[in-house]
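First comes the structure, then the notes that go with it.
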Amino acid sequence: MSKLIDTIAEAIQDKKGKNIISLDLSGFDGAVCPAFVICNADSTTQVEAIARGIEEKTLADLGEKVWRVEGITNSVWVVMDYGDVLVHIFQTELRDFYKLEQLWADAPATRYESEA
């Protein structure tokens, strides 16, 4: 699972995604999956490009196919389901509004480098 998370983070970095963080939810009863990867982008075009980049990189590097993608039509908040990992790609304003990582503030977090 850590290889999948790292590959997803690299794909986000390749498309200039911002504020990349992974949350380890494996210790929480009731969590929908063991891990979240969250990032944001400044436009719907970039949100979609990040989602497409993740899909391409995980398939090419790991042979992993995304199970389901939601939100690609309007690309303000895209959720990608990889079974053990849910990827949330927000447009910046929505991430600031929903504060998803604050809902899981007790979860161990890993931050990844992204361009300023």
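The values are calculated or read from the model by the stated rules, or taken from the named source; none is laboratory data. Please read all numbers here as calculations on a predicted model, not as lab measurements. Note that each Cβ is placed from the backbone with ideal geometry, even for glycine, and that neighbours are counted across all protein chains shown.
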Flagged in segment 78-93 as closer than 14 Å to Glu48 by Cβ and without any contact (Cβ under 8 Å) to a residue 24 or more places away in the chain, in numbering order, are Val79
Got at least one residue in segment 23-42 being farther than 24 Å from Asp106 by Cα and of a type outside the set (A, V, I, L, M, F, W, C)?
-> yes
Does at least one position in segment 32-41 carry a residue that is surrounded by fewer than 19 Cβ atoms within 10 Å (Cβ to Cβ) and either touching a helix residue (DSSP H, G or I) at 6+ places or on another chain (Cβ under 6 Å) or assigned to a strand (DSSP E or B) (or both)?
-> no
Selection count where residues are assigned to a helix (DSSP H, G or I) and not aromatic (Phe, Trp, Tyr), scope segment 90-116 | 9
Return yes or no: is Ile38 under 14 Å from Thr7 (Cα atoms) and in contact with a Gly (Cβ under 9 Å, 6 or more places away or on another chain)?
-> no
Residue that is surrounded by the fewest Cβ atoms within 10 Å (Cβ to Cβ) [pool: residues in segment 75-89 that are more than 9 Å from the chain's Cα centre (by Cα) and in a strand (DSSP E or B)] | Asp81
Hits in segment 52-72 (condition: closer than 13 Å to Phe90 by Cα and not small (Gly, Ala, Ser)) = Glu70, Ile72
If we keep just the residues of segment 1-25 that are out of contact with any strand residue (DSSP E or B) (no Cβ under 7 Å at 6 or more places or on another chain) and not in a helix (DSSP H, G or I), which is surrounded by the fewest Cβ atoms within 10 Å (Cβ to Cβ)?
-> Lys16
Kindly list the number of the only condition in (1) exposed (fewer than 15 other Cβ atoms within 10 Å of the Cβ); (2) modelled with pLDDT under 95 that fails for Ser114.
-> (1)
